[in-house]
Amino acid sequence: MTRSTYRFVDMTIGPDLDAEPYTARATCATCGEQSPQPTAEGPTGQHSQAQRWCRTHAAIDHPGGRHLHYTATITYGWLITPAEDIGPAAEYEPGG
């Protein structure tokens, strides 16, 4: 039997400046159609843009009835920073 020793290391989490930029999109739960890629800057503008798309999509007279259920998808990159060396980090490609 192999024995292992573990230790706790403090870590902080914050925005990953190398990650893809923040995005907020909406998906219709009825048909799966998704709001367009946001063009607005910042979270508030992107949320408003996705919500506006939901209202527009719900207003369409779809053959099976109105589409009233949506899912919001928020993408925001985070970076974990250990307080001390815990070994090499895995290879990372932004957007990959």
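Key figures
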item	result
Restricting segment 1-25 to residues that are among the charged types (D, E, K, R) and outside any strand (DSSP E or B), the residue that is farthest from Pro82 (Cα to Cα)	Arg3
Subset of segment 59-95 (residues that are touching a strand residue (DSSP E or B) at 6+ places or on another chain (Cβ under 8 Å), outside any loop (DSSP other than H, G, I, E, B) and not polar (S, T, N, Q))	Tyr70, Ala72, Ile74, Trp78, Leu79, Ile80, Pro82
Positions within segment 50-80 being in contact with a His (Cβ under 9 Å, 6 or more places away or on another chain) and of a type in the set (Ser, Thr, Tyr), in sequence order	Tyr70
Residues of segment 1-37 satisfying the condition of being farther than 30 Å from His57 by Cβ, at pLDDT 90 or above and not hydrophobic (A, V, I, L, M, F, W, C)	Asp10, Thr12, Gly14, Pro15, Asp16
All positions within segment 23-42 that are under 30 Å from Thr12 (Cβ atoms), touching a residue at least 24 places away in the same chain (Cβ under 8 Å) and of a type outside the set (D, E, K, R)	Thr23, Ala24
Checking Arg55 against (1) in a loop (DSSP other than H, G, I, E, B); (2) without any contact (Cβ under 8 Å) to a residue 12 or more places away in the chain; (3) surrounded by fewer than 12 Cβ atoms within 10 Å (Cβ to Cβ), the condition it does not meet	(1)
Any hit, segment 77-89, residues being over 30 Å from Tyr6 (Cα atoms) and under 20 Å from the mean Cα position of the chain (by Cα)	no
Total residues in segment 1-28, condition of a type in the set (A, V, I, L, M, F, W, C), out of contact with any helix residue (DSSP H, G or I) (no Cβ under 8 Å at 6 or more places or on another chain) and surrounded by 12 or more Cβ atoms within 10 Å (Cβ to Cβ)	1
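The values are calculated or read from the model by the stated rules, or taken from the named source; none is laboratory data. Bear in mind the structure is a predicted one, so any value in this text is a computation, not a measurement. A quick note on method: Cβ atoms are made from the backbone with ideal geometry, for glycine too, and the neighbour counts reach across all protein chains shown.
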